[in-house]
Amino acid sequence: MLYSAFIFFLTGLILGSFLNSLAYGLYYKLPLWRRSFCPKCKKIIKIKDLMPLLSFIFLGGKCRFCKGKISWQYFVVELATGLVFILFFVKYGALNLFLWRDLFFALILIFLFVFDLKYYLILDKIVLPALILAIIISLASGLGFLNLIIGILIGALFFGLQHIISKGSWVGEGDIKLGALIGAMLGWPLVILALALAYIIGGAVAVFLLVSARKKFGDILPMGTFLTAAAIIVLLWGEDILRIFGM
Ligand SMILES: [Zn+2]
């Protein structure tokens, strides 16, 4: 069990590292298979400096060549993906289809999280194929058709209506598609929980940023990061939370 958990953690670290690289590559339209380079001095990063977590620590968060700072995002995303992998493994305690489904959904969500956090953008070319896959996988893993449709509609309409009312100033079109995607992954009624949780997390982060004067009132926060984080939490513990509330 402990050994398997460690393997899951390592796999998560490596995939987290890959998601970081994928996000950077997609944003700057670089080839998918390329050697990673330092964004500041453009030197190719040595293989031994590509170890998730460890390289960042050994190098003190700096490039080996130019000593330019490496974003803490790399470290955090690797660690978070590793931890998410362990948590899902512990949740199921066995290698079953639900575990693979949740890990796959989590990887998509982590990618969208990183991308929206960094670039304030939700990519159609990720969200739309992910939506189709999520519909197929959810149906195949036993989510009822009606629960799926209601989940998608609630996710999409919740942001769609805000988009229309505010003429696009509160939420972007990407949030509507992301809402639909999360609805397809979670279905009814878990989608409601994810939406509520996203606003609780978003509110808490906004208060923290205002109080610590990192942001001022009226600054935009990327909604997609809260939504994706909330969706992962609901994938992990949503059913337990509903049970606590007697639903
Ligand atoms: Zn450098």
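Applying the criterion of being among the polar types (S, T, N, Q) and in a loop (DSSP other than H, G, I, E, B) to the residues of region 147-181, the residue that is modelled with the highest pLDDT is Ser166. Scan region 199-247 for residues that are more than 23 Å from the chain's Cα centre (by Cα) and farther than 16 Å from Val171 by Cα and the total you get is 11.
Listed conditions (1) within 16 Å of the ligand (Cβ to nearest atom); (2) in contact with a Pro (Cβ under 8 Å, 6 or more places away or on another chain) are all met by Gly16, apart from (1).
Residue-by-condition table, conditions (1) of a type in the set (Val, Ile, Thr); (2) out of contact with any strand residue (DSSP E or B) (no Cβ under 9 Å at 6 or more places or on another chain); (3) closer than 18 Å to Val127 by Cα; (4) assigned by TED's automatic domain parsing to the domain that holds Ile152:
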{"residue": "Asp175", "(1), (2), (3), (4)": "no, yes, yes, yes"}
{"residue": "Ile192", "(1), (2), (3), (4)": "yes, yes, no, yes"}
{"residue": "Gly203", "(1), (2), (3), (4)": "no, yes, no, yes"}
{"residue": "Val211", "(1), (2), (3), (4)": "yes, yes, no, yes"}
{"residue": "Pro222", "(1), (2), (3), (4)": "no, yes, yes, yes"}
{"residue": "Trp237", "(1), (2), (3), (4)": "no, yes, no, yes"}
{"residue": "Asp240", "(1), (2), (3), (4)": "no, yes, no, yes"}
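With in contact (Cβ under 8 Å) with a residue 12 or more places away in the chain and more than 16 Å from the ligand (Cβ to nearest atom) as the only criterion, which of Leu54, Leu22 stands out? It is Leu22. Mind telling me which of the residues Lys91, Lys46, Lys67 ends up being outside the structural domain of Val114 (by TED's automatic domain parsing) and within 10 Å of the ligand (Cβ to nearest atom)? Going through Lys91, Lys46, Lys67 in turn, the sole match is Lys67. Kindly indicate the residue of region 201-236 that is free of Cβ contacts under 8 Å to residues at least 12 places away in the same chain and assigned to a helix (DSSP H, G or I) and also farthest from Lys177 (Cα to Cα) among those meeting that condition. Within region 201-236, the match that is farthest from Lys177 (Cα to Cα) is Val211.
The values are calculated or read from the model by the stated rules, or taken from the named source; none is laboratory data. Remember, it's a predicted structure, so these values are computed and weren't measured experimentally. Backbone-built Cβ (ideal geometry, glycine too); neighbour counts: all protein chains shown.
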